[in-house]
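*Asks:* Below are the structure tokens for one structure; questions will follow.
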Amino acid sequence: MTPELTYKIAKCCLPQENDPITGYFKEDGTIAVHHTTCNAVQGLRSERLLAVAWDEIQATERSADSVTIAPEFDELDETDYFILKHHQEFGMDYSIVVAEALRIPLAEMHQRHRKLRELGGLKRVEGRIIHYRKNIVKGKWIKHRNHTYYELTPEGKTWIQAFEKKQMASET
């Protein structure tokens, strides 16, 4: 099964439907869609430029719209979104770091991590020694292995997309 491509319209040039476009394969696996005359395209690595067509993008959007969201999604709020987004951007992490990054009380963070795990948006990662982290304890490098780490599940990624789609719809 071929993985689904994710297209994102570039904010620098905001190409409109039927404008001539080009794609840029980004490090995160998404394809940024630029107008072919966009100045930003000139500074991009040419080996990552792709020929794309509007019908491909629209077909992908239709496919993404048909994804069904589990009823558990209704139990989530904006803070849950930010927690999921943290795990999407930074990967596997534990409650103390996420609580500090998002300025959430630690007890609440533990509850939210537990809720997101029980609903299926996060999963526990067990039995790993995690790489050193700098500045968890001011000025020291320490190795963490006694924390409960969480990482995003495919369901959690779907929830992030649903939150973002809902947010875009409310802005228009």
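*Asks:* Can you tell me which residue is least open to solvent (accessible area, probe 1.4 Å) among those in region 1-12 that are under 19 Å from Asp55 (Cα atoms) and part of a loop (DSSP other than H, G, I, E, B)? Full working, then the answer.
*Replies:* Narrowing region 1-12 to residues under 19 Å from Asp55 (Cα atoms): 2-10.
Keeping just the survivors that are part of a loop (DSSP other than H, G, I, E, B) gives 2-6, 10.
Details: Thr2: 116, Pro3: 105, Glu4: 118, Leu5: 77, Thr6: 53, Ala10: 9 Å².
Checked region 1-12; the qualifying residue least open to solvent (accessible area, probe 1.4 Å) is Ala10.
*Asks:* How many of the residues in region 83-121 are charged (D, E, K, R), outside any helix (DSSP H, G or I) and out of contact with any strand residue (DSSP E or B) (no Cβ under 9 Å at 6 or more places or on another chain)? Walk me through how you get there before you give the answer.
*Replies:* Pass one, region 83-121, residues charged (D, E, K, R): 85, 89, 93, 100, 103, 108, 112, 114-115, 117-118.
If we keep only those that are outside any helix (DSSP H, G or I) too, we end up with 93, 103.
Next, only the ones that are out of contact with any strand residue (DSSP E or B) (no Cβ under 9 Å at 6 or more places or on another chain) stay: 103.
The number of residues fulfilling the criteria is 1.
*Asks:* Does any residue in region 97-112 that is without any contact (Cβ under 8 Å) to a residue 12 or more places away in the chain and over 14 Å from His87 (Cβ atoms) come within less than 8 Å, Cβ to Cβ, of a residue that is among the polar types (S, T, N, Q) and open to solvent by less than 20 Å² (accessible area, probe 1.4 Å) six or more places away or on a different chain, and which pairs are these?
*Replies:* Close Cβ pairs satisfying both conditions: Leu106/Ser95.
*Asks:* I've got another one for you. In region 102-122, how many are under 18 Å from Ile160 (Cα atoms) and either among the β-branched types (Val, Ile, Thr) or surrounded by fewer than 17 Cβ atoms within 10 Å (Cβ to Cβ) (or both)?
*Replies:* The number of residues fulfilling the criteria is 6.
*Asks:* Moving on to the next point. Please specify each residue of region 25-80 satisfying the condition of being at pLDDT 90 or above, within 30 Å of Arg117 (Cβ to Cβ) and open to solvent by 100 Å² or more (accessible area, probe 1.4 Å).
*Replies:* Glu78
The values are calculated or read from the model by the stated rules, or taken from the named source; none is laboratory data. The model shown is predicted, which means the values in this text are computed figures rather than measured ones. Neighbour counts run over all protein chains shown; Cβ positions are idealised from the backbone, glycine included. The accessibility values were calculated without ligands, DNA or RNA, using every heavy atom of the protein model including side chains. Shrake-Rupley method; radii C 1.70, N 1.55, O 1.52, S 1.80 Å.
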